[in-house]
Amino acid sequence: MQTLHQALLLKKLYLLQSFGFDYCNPQFLVPTQKRFQSQNQGDLRQLIESCKLCAQKTSSPSAGLCHQNSKLVFLSLMPLLDAQLRFASKSAQMLKNIVERVFDMRLQEISILSLLKCEIPQNSQQICIESCMGYFLKQIEFTQSPILVLLGAEAYFYLTQDGSDYRNVQGKLLKWNHLKLFPTFSLNQLLRQPKLKINAHKEFLHLKELLKEEKQCN
């Protein structure tokens, strides 16, 4: 699987070629994580937990919950669970309630991942995401989930590099490569503005209905 950086660069090169530009043997940057060989989730988790790639990190790495055959993957920018995979924060507890009470799913049926595996200062997030991307892409392979629920605009923009207005994509099921994305509110946003929980609940119910329809079609 190519990294997001490679895919975007290749797209730009093809676009330039269609306009008549010539180029020879384009060289892509090799992602830091591209060469690791993880045959199972245990190996991958150990790699993440022992990662020392980013000097800017302010916490221990957290691999998140990564279950095979997940019905949904909830994706945030930074880890929601701590290094011991505990639901220690208010955001994590909120997500747990959403999974169990709104979607009527067990935690074993979903995955909770993050683009960044550590707490990273905002001014260093872009370069650190490039280091973490290989871990994330491998986790997606293990989960085999067709749908990513993107928790907030930052997670959406860093993943897709789409610069459009987030309001135009939020609450909609989008196609991205071989996956489907469902951008929604960030959990911190819901904690800061409790009134938004009503809108978030509607979006989650909409996704729940889409899942039922997809299941019936299959």
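The values are calculated or read from the model by the stated rules, or taken from the named source; none is laboratory data. Note that this is a predicted model, so its numbers are computed, not measured. The accessibility values were calculated without ligands, DNA or RNA, using every heavy atom of the protein model including side chains. Shrake-Rupley method; radii C 1.70, N 1.55, O 1.52, S 1.80 Å.
Things to note:
- Additional length obtainable on full extension of the chain from Ala55 to Tyr166, 0.36 nm per residue less Cα span: 36.9 nm
- Its residue count N fixes a reference of 2.2 N^0.38 Å for segment 48-130, and the Cα radius of gyration divided by that reference is 1.12.
- For the cross-link pairs Lys180/Lys202; Lys90/Lys138; Lys117/Lys212; Lys52/Lys212; Lys57/Lys212, the ones whose C-alpha atoms lie over 30 Å apart are Lys117/Lys212; Lys52/Lys212; Lys57/Lys212.
- Volume in Å³ per residue [convex hull over Cα atoms, computed for segment 65-218]: 119
- Ordered by solvent-accessible area of protein heavy atoms (1.4 Å probe), largest first, the residues Met94, Met78 come out as Met78, Met94.
- Surface composition of segment 128-218: carbon plus sulfur atoms contribute 50% of the solvent-accessible area (1.4 Å probe, protein chains only, all chains present).
- Viscosity 1.567 mPa s, temperature 4 °C, Stokes-Einstein D of segment 164-216 from Kirkwood C-alpha radius, µm²/s: 107
- Gyration tensor verdict on segment 106-150 (Cα atoms; rounded if a/c is under 1.5, prolate if a/b is larger than b/c, oblate otherwise): prolate
- Kirkwood-based Rg to Rh ratio, segment 108-192, C-alpha trace: 0.94
- Segment 88-197 - share of DSSP beta bridges that are antiparallel (%, nearest 5): 40
- Amide H to amide H, with H built 1.01 Å from N, Lys180 comes under 5 Å of Ile147, Leu148, counting only residues 5 or more places away or on other chains.
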